[in-house]
Structure formats: C-alpha cells, structure tokens
Amino acid sequence: MRYPTLILSAICMLFTAGAASAEKRVAFVVGNGAYKNVAPLPNPSVDAKAIAATLRNVGFEVVEGSNLTRDKMTERLLDFGKKAQGADVALFFYAGHGIAISGTNYLLPIDADIKSEMDVKLGAAINIDLTLEQTMGDAKVKLVFLDACRDNPFAAKIKSNAATRSVNVQTGLAEMKSGEGTLIAFATGPGQTALDGQEGNNSPFTRALLANLTQPGVEIQQAMTKVRAQVNEETNKGQLPWGHTNLIGTVYLNGAPAPGAVAAATPAAGASKASDVELEFWRSIKDSNKPEELNAYLSNYPNGQFRSLALSRIASLESGAKDATATRNLSTGIDPATFKDEANQTTEDQIGLDKGQRRDVQRRLTGLGFDTKVSGQFDQATRGVITRWQAARGYPKSGYLNKLQHKALLTEIVATAPTASSSDEERPAKRRASSQPQAQPQAQAQPQPRQHSAPGPDPAGAGRFIGGVVGGMLR
C-alpha cells in the first residue's frame, strides 16, 4: 500500500504545481541607491535583488532594475504595465528615496535634482498613486511594498524656493488610499522614517519580507503580521511597518495549505492561548493613545484574546477619559527651549558623557519604559530608544541628546528599578544615578509606532499609463 500512496501524492503535487503555474503573476522590483545629487543609500539595490530572486522562486515574472534614472524607470514601468494587464497577482516593490509633498507621494530616480515643488510636479519624480493606478489597476490582486520611508533629501531646497507660498514638505511618506483587492505596506508609519540597515545588508523591513512573505502555506495577511512583529522586535520598537488591506479573499504566494493542515492549525473551540505574533502585536499597541492602532488589532484579530481590553480602551479614549497628549505638555521645571532645540552628534559630544554616564542614560530610559541594553555604548538600538523617548516627550526627534534634553531626562523620576545590568563594575554608577535629585514626575506614556488605515489605487486600465503620467505631471 505504500507505493500507491506515494504515487497518489506525486500526482497531487503535479496538479498543485500546474494550478500555480497557470496563475499569472507579475512583479515590478526596483532599488535606487546611487543618487547623483544627494547622499547615496547603500542597501536598496541589495534589497531589490533579494526580493526579485525570492519572487521568481514562487512563479513571478519580474521586471527588475537597480539605480535607475527617470527615463529608465519609465521604461520599466511601461513594461510592467503591459505585462500586468489581466494578471492574477501584480506586485510592486520599491526601495530607495521617496518624498511626500502636499500629501502626495513620489519615488526618486537616481538623477533627481529637485529644487522646487514645480520640479516634482513636472516629472522629476514618479507619482506613486498615478503609477500604481496605471500599471496595476487591471490586476485581480495588487500588492504594494514601499521600503522608501526615509527623510526627504530635498526638503531644505524645496522650502527655501517656496518663499511666496506655503509648501507642505513632509517627513517620510504620506498615507495612501487603496482600492478593492489591494494591500499596501510601508516600512513604517506615515510621516515617520525607516532604518536602512547596515551597509551591504538588507533593511529591517526587507529582511522581514524575505523571511515571511513566501513561507509555504502562509496567507499574505498572516505573513504581514509576522513582518510587523519581526521589524518591531528587531528595531527595539523603534519602527513598526504600517499597512492597509482591501483584499477580498485569501492570497497565498507559495501555495495554500492542505485542508488537513488548515484544520490542524486552527485552534479548537474554547482555545484561549494567544499566538506569539498576536501577543507581540498587542504589546506594541496596548498603551497607545490612538484608537486607529487599537482598531488595527481588532481588524487583524476580531476574536483575539485582548479584544475586550482593546474595546474598553477605545471607549475610554473616545470619551476623553485619557489625555493622549499628556507627555507632550510643558512641565514645571523644563526649559521651554527643550521642546525646540535640535540635537545631533555635536550637541551630544558637548555634554561630555563618559561610559558610566551613558549607562546611566540607558538605565533611566529602561526604567521609564523605553527598554534598551545597558552597555555604555549608544548603538543603533539605543538611538532608536532615544528617538522614541524624544517623540513621547515632544522634543525634536533625532536619536541624539543635547544638554537641555539630558537635563530633562535626569529630572524624570524612574518609575521602576532598571534591571538591564547589575555587574559589580556598574553598581557604583547605579548608586550615583539614584542619588541625583529628581523633580516631580511627568506623565509617562509608552510611545508607539503609528498604524493607520486608509484605502490605494482604484482599478484602471494599464494601457493608459503614458497618457496618465503626462497628465499627472501637469496637475
């Protein structure tokens, strides 16, 4: 009986492979990093090549490019638009610089030289909304991944050349609207910036996509929940990918699970233990003062273990029971300039922090709920924690300290005793830290990365791409 069973299994695998190959899948994958007029980014081309290879392995026809000029990007988009007509799945991945002006997002070719808003609107940058509409509108399922939430490198030029009127130049990218059958995922929340990662490696967002997006038998929305959890953990809660989906069915990029596997993976009635992914998601937003973040949890886990807590907190926020801006208010004893003066490497060097004082900063941040390793070194993880602390207090966000911010940190009463390190070498530093005078406590609130829900492109024919781009340039 063993051999007929093996033969039957092989036949089933052949049928499954045939069904997958019959599905038309097309992807646009581009990474721009070798910019000619602003500082280059080291990793986008690495990210794009890894994503392209991964997608080809699961049956995508990939239109790929690295370090493309405006003309080359247009050529690739035209090719992608033609191939995506009538596709079952069309996927768009971009890594590199993206900018937001007056609520509209643009991708930057490597030859972009933007001095004003007019340069952008006349075609120096690629309008994302228009591009997605014209290239992917005809596909049944549209998946969009933007690892482009970095600071606008042309912001200063644009603002300086807009003396006669107000121009809204935003940090990071703006929210986008998605239509039916669309999933949009950003490396981080609207208006925030994402990490590029160590040179020569993938960014945290791309690394999480590579690890989860094409796992066998994993549905796309489950995969994105895992992506959020991985990035959130890897960046010490300094970055939380944002996304919105209007998908109307299940989407698997590497085969749907067998019916038996689905049944085995489904908890029995009455099961009460939350999954690790759900638990991490809840931890990342449980103290949020934003109802939309709590609603995002309910959308992903309508029958989740923390549903009642989420509903209760939403009701409390909407009734005004909790002041979501408490930690941003000026407090007695805090110099008002603390809320205005920017901090950078130079201002931090001026403080003259030795290794023991850096440990003290890390302990205090941990004691205030901004967990970080007490090492005496301000590494990338610590910079992310400092940034979250600055955001929670309403100080300019940079990841670096200045004298005023350092003084303000020392006046905050640590609510819980830090436990990150307790070596004999560090104990004297702990005693010195605890003996410093402390002011009245400020209201504390754990800062949380943003999650927003907003719908992207309405269905439209890909054949209108050229006319649409020209029209979009003149809008």
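The values are calculated or read from the model by the stated rules, or taken from the named source; none is laboratory data. As the structure is a prediction and not an experimental result, all values here were calculated from the model. Here the Cβ positions follow ideal geometry from the backbone for every residue, glycine too, while neighbour counts run over all protein chains shown. We work out accessible area using only protein heavy atoms, side chains counted, and drop any ligands, DNA or RNA first. Shrake-Rupley method; radii C 1.70, N 1.55, O 1.52, S 1.80 Å.
Can you tell me which residues in region 110-119 are under 20 Å from V30 (Cα atoms) and either surrounded by fewer than 24 Cβ atoms within 10 Å (Cβ to Cβ) or of a type in the set (V, I, T) (or both)?
As a first pass, look at region 110-119 and keep what is under 20 Å from V30 (Cα atoms): 110-113.
Scanning region 110-119 gives I110, D111, D113.
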Can you name the residue in region 347-376 that is at pLDDT below 90 and of a type in the set (S, T, N, Q) and is also surrounded by the fewest Cβ atoms within 10 Å (Cβ to Cβ) among such residues?
T366
With the checklist (1) in contact with a Leu (Cβ under 7 Å, 6 or more places away or on another chain); (2) under 24 Å from A211 (Cβ atoms); (3) at pLDDT below 90 in hand, flag the one item A125 doesn't pass.
(2)
Here is a check on your reading of the model: is T214 modelled with pLDDT of 90 or more and of a type in the set (S, T, N, Q)?
yes
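Residue by residue, here is whether (1) over 21 Å from R76 (Cβ atoms); (2) modelled with pLDDT under 85; (3) in contact with a helix residue (DSSP H, G or I) (Cβ under 6 Å, 6 or more places away or on another chain) holds:
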{"residue": "S102", "(1), (2), (3)": "yes, yes, no"}
{"residue": "D138", "(1), (2), (3)": "no, no, yes"}
{"residue": "L146", "(1), (2), (3)": "no, no, no"}
{"residue": "T164", "(1), (2), (3)": "yes, yes, no"}
Looking at (1) open to solvent by less than 40 Å² (accessible area, probe 1.4 Å); (2) over 27 Å from E234 (Cα atoms); (3) modelled with pLDDT of 90 or more, can you tell me which one I386 breaks?
(2)
Residue under evaluation L55, criteria (1) among the hydrophobic types (A, V, I, L, M, F, W, C); (2) open to solvent by 10 Å² or more (accessible area, probe 1.4 Å); (3) out of contact with any Asp or Glu (no Cβ under 7 Å at 6 or more places or on another chain), criterion not met:
(2)
Which residues, counting only those in region 69-106, are outside any helix (DSSP H, G or I) and open to solvent by 10 Å² or more (accessible area, probe 1.4 Å)?
T69, Q85, G86, D88, H97, S102, G103, T104, Y106
